[in-house]
Amino acid sequence: MIERAVSVRLRNVEVLTVYLNMEPVPFNKGFYSIDMTFVFDVSLDVYTAPASCPIVVDGIALFTKKAILYGSDGNVKVFTSDGSCDPTENSNGSQALPKAVCQVAEPVGLSARICDTRPGCCPGFKIPDDICERFGGDFDFECGRSVYVTIGLFSIVQIVRNVQMLIPAYDFCVPTKECTPVSDNPCEMFKRIDFPTDSFFPPRVSDTGGCGCGCGQSQEGSD
């Protein structure tokens with residue numbers, strides 16, 4: 001379809017997965033290099049002739065990014081009760097390694113265009129089998145034309161590590177008195193409301209910083 005296409009239009013973009021590889025930075029203790037490979041599912045409207053109906057074609061787009069972040073350094077071995085046992089987990093000499101986390105918002109498809117395939121567009125990257133199965137087979141990188149897409153992406157990359165924290169704990173309180181039952185009588189409820197003096201009378205002179213003289217008024221309520 002791409003070989004015979006006249007034009008393409010970007011329909012939808014979705015992030016399938018992000019592959020992360022984290023390695024310690026040499027001669028810079030506590031820093032880690034994170035290599036990220038974003039895999040996008042790109043849906044296109046392919047036009048094989050002018051003024052023809054589009055044909056929907058799905059493919060993948062790849063994008064790689066590197067980040068160097070500080071993740072501190074731990075000197076303890078961590079064992080958990082989840083039953084997992086990986087003897088190669090700490091084989092690189094660094095114990096209690098942190099984890100790299102990447103949060104990705106919904107991508108925005110900006111543009112798509114057909115161009116001649118550039119030599120070595122995906123050097124050294126093999127698409128995993130689970131992604132190939134999603135698209136029904138292997139991908140052909142030997143075609144003469146390719147679709148290049150521009151994608152807007154918002155992401156947050158973090159290094160997380162388990163740390164020890166002291167949190168104050170307080171004793172719980174056992175109530176010693178029962179709640180007073182409330183009567184359903186509306187008059188009884190009205191009698192418990194304070195008289196709204198401020199709503200009926202202006203403030204005294206002493207309240208406003210005057211001479212301090214005042215007068216008394218009677219208060220009463222009715223229901």
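The values are calculated or read from the model by the stated rules, or taken from the named source; none is laboratory data. Since this is a predicted model, take the numbers as computed values, not measurements. Cβ placement follows ideal geometry from the backbone for every residue including glycine, while neighbour counts extend to all protein chains displayed. SASA here: full protein model, heavy atoms, side chains in, ligands and nucleic acids out. Shrake-Rupley method; radii C 1.70, N 1.55, O 1.52, S 1.80 Å.
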**Item:** Candidate set from the stretch 38-77 (those that are in a loop (DSSP other than H, G, I, E, B) and open to solvent by 90 Å² or more (accessible area, probe 1.4 Å)); member that is farthest from Phe135 (Cα to Cα)
**Value:** Asn75
**Prompt:** Does Ile151 satisfy the condition of being open to solvent by less than 100 Å² (accessible area, probe 1.4 Å) and either of a type outside the set (D, E, K, R) or farther than 30 Å from Asp45 by Cα (or both)?
**Reply:** yes
**Asked** What number of residues within the stretch 155-175 are part of a loop (DSSP other than H, G, I, E, B) and surrounded by 10 or more Cβ atoms within 10 Å (Cβ to Cβ)?
**Response** 2
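To keep it simple, each residue is scored yes or no on (1) of a type in the set (A, V, I, L, M); (2) under 30 Å from Glu14 (Cβ atoms); (3) in contact (Cβ under 8 Å) with a residue 12 or more places away in the chain.
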residue: Phe139; (1), (2), (3): no, yes, yes
residue: Glu142; (1), (2), (3): no, yes, no
residue: Ser146; (1), (2), (3): no, yes, yes
residue: Asn162; (1), (2), (3): no, no, yes
residue: Pro168; (1), (2), (3): no, no, no
residue: Phe172; (1), (2), (3): no, no, no
residue: Met189; (1), (2), (3): yes, no, no
**Asked** Which residues, counting only those in the stretch 1-37, are of a type in the set (A, V, I, L, M, F, W, C), open to solvent by 50 Å² or more (accessible area, probe 1.4 Å) and not in a strand (DSSP E or B)?
**Response** Met1, Val6, Phe27
**Prompt:** Could you say whether any residue in the stretch 186-209 is out of contact with any Pro (no Cβ under 8 Å at 6 or more places or on another chain), acidic (Asp, Glu) and modelled with pLDDT of 80 or more?
**Reply:** yes
**Prompt:** Scanning the stretch 78-118 for residues that are under 30 Å from Arg4 (Cα atoms) and assigned to a loop (DSSP other than H, G, I, E, B), which turns out modelled with the highest pLDDT?
**Reply:** Pro107
**Prompt:** Which pairs have Cβ atoms under 7 Å, sit 6 or more apart or on different chains, and link a residue in the stretch 97-114 that is closer than 30 Å to Lys77 by Cα to one that is open to solvent by 50 Å² or more (accessible area, probe 1.4 Å) and part of a loop (DSSP other than H, G, I, E, B)?
**Reply:** Pro98/Arg161
